[in-house]
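Just below is one structure, and these are the notes that go with it.
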Ligand code: SF4
Ligand code: SF4
């Protein structure tokens, strides 16, 4: 399939792609899940991590469309005297390999696999350009021939799944933050600086999801903190009345990311 039309921000046309079923994308990573998919993942007996990042309107770079996209998949919370947007990502743990991956490197839940597994290696975020060098897919997967009809049918399916994923991101955003508050997961890392990664107990997370009201939204209670591990960034943010988490992370892991 050729998905070049989807990626307005891609620097160059995307070459044809056909999954060769190598299973490389099912190993050594987190698998982002919708709230409903996370519930299913937990019910199958597998672990789900919670990744939190935060940002704030006055510090956002000059990219209003990207800002709007990220606001839609986040929810406002109170952090010190400041309102922050927090995004929660529920992610199946596929480290060192996905628990659904068989010994033959085939997906054991293929018909029910998460949206992100149906979309990979394409990008869900329209502001992230597809870079083949960042993907696990072997060279032959980017060069496999296909009939035009197959090509177009696959492209339509992937695009529909991308839209479903974005829709779920928007629909789940506030409920996921309410879920985090319920579980006491209330420190986020500054977006672009890192991710705060929590590993809640499987049963506790499943029960919290099951008791989460359909209309749940976060309390604006002021009990959130933010972690910033970058001296220059910390200096830039010092004028904001934020509650910084300065101590050792007690119940989460700070995973730095490059901006
Ligand atoms: S659910 Fe299936 S496709 Fe998705 S990572 Fe696991 S094994 Fe791979
Ligand atoms: S790494 Fe690429 S080619 Fe291999 S199974 Fe995943 S999507 Fe298919």
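Looking at 107, 180, 117 in this structure, which one is over 30 Å from residue 213 (Cα atoms), surrounded by 15 or more Cβ atoms within 10 Å (Cβ to Cβ) and in contact with a strand residue (DSSP E or B) (Cβ under 9 Å, 6 or more places away or on another chain)? Lay out the reasoning, then the answer.
On the way: 180 fails: over 30 Å from residue 213 (Cα atoms); 117 fails: over 30 Å from residue 213 (Cα atoms).
That would be 107, the only listed residue that is over 30 Å from residue 213 (Cα atoms), surrounded by 15 or more Cβ atoms within 10 Å (Cβ to Cβ) and in contact with a strand residue (DSSP E or B) (Cβ under 9 Å, 6 or more places away or on another chain).
Can you pull out the residues in region 220-237 that are touching a strand residue (DSSP E or B) at 6+ places or on another chain (Cβ under 9 Å) and without any contact (Cβ under 8 Å) to a residue 60 or more places away in the chain?
Start the filter on region 220-237 by keeping residues that are touching a strand residue (DSSP E or B) at 6+ places or on another chain (Cβ under 9 Å), which leaves 220-230, 233-234, 237.
Correct list: 227, 228, 229, 230, 233, 234.
Going by what's in this entry, would residue 51 be described as in contact with a helix residue (DSSP H, G or I) (Cβ under 7 Å, 6 or more places away or on another chain), modelled with pLDDT of 95 or more and within 14 Å of residue 179 (Cα to Cα)? Please lay out each step first, then the result.
Values: in contact with a helix residue (DSSP H, G or I) (Cβ under 7 Å, 6 or more places away or on another chain): no; modelled with pLDDT of 95 or more: yes; within 14 Å of residue 179 (Cα to Cα): yes.
Spelling it out, it is not the case that residue 51 is in contact with a helix residue (DSSP H, G or I) (Cβ under 7 Å, 6 or more places away or on another chain), modelled with pLDDT of 95 or more and within 14 Å of residue 179 (Cα to Cα).
When both residues are 6+ apart or on different chains and their Cβ atoms are under 7 Å apart, which pairs have a first residue that lies in region 127-140 and is over 15 Å from residue 20 (Cα atoms) and touching a residue at least 24 places away in the same chain (Cβ under 8 Å), and a second that is within 16 Å of ligand 1 (Cβ to nearest atom) and part of a loop (DSSP other than H, G, I, E, B)?
Pairs found: 130/122.
Out of 244, 199, which single residue is closer than 24 Å to residue 32 by Cα and in contact with a strand residue (DSSP E or B) (Cβ under 7 Å, 6 or more places away or on another chain)?
Of the residues listed, the single one that is closer than 24 Å to residue 32 by Cα and in contact with a strand residue (DSSP E or B) (Cβ under 7 Å, 6 or more places away or on another chain) is 199.
Out of 180, 117, which single residue is within 16 Å of ligand 1 (Cβ to nearest atom), under 30 Å from residue 55 (Cα atoms), in a helix (DSSP H, G or I) and at pLDDT 95 or above?
Values: 180 fails: within 16 Å of ligand 1 (Cβ to nearest atom).
Of the residues listed, the single one that is within 16 Å of ligand 1 (Cβ to nearest atom), under 30 Å from residue 55 (Cα atoms), in a helix (DSSP H, G or I) and at pLDDT 95 or above is 117.
The values are calculated or read from the model by the stated rules, or taken from the named source; none is laboratory data. Model, not experiment: these values are computed from the prediction. Here the Cβ is made from the backbone with ideal geometry for all residues, glycine too, and neighbour counts use every protein chain on show.
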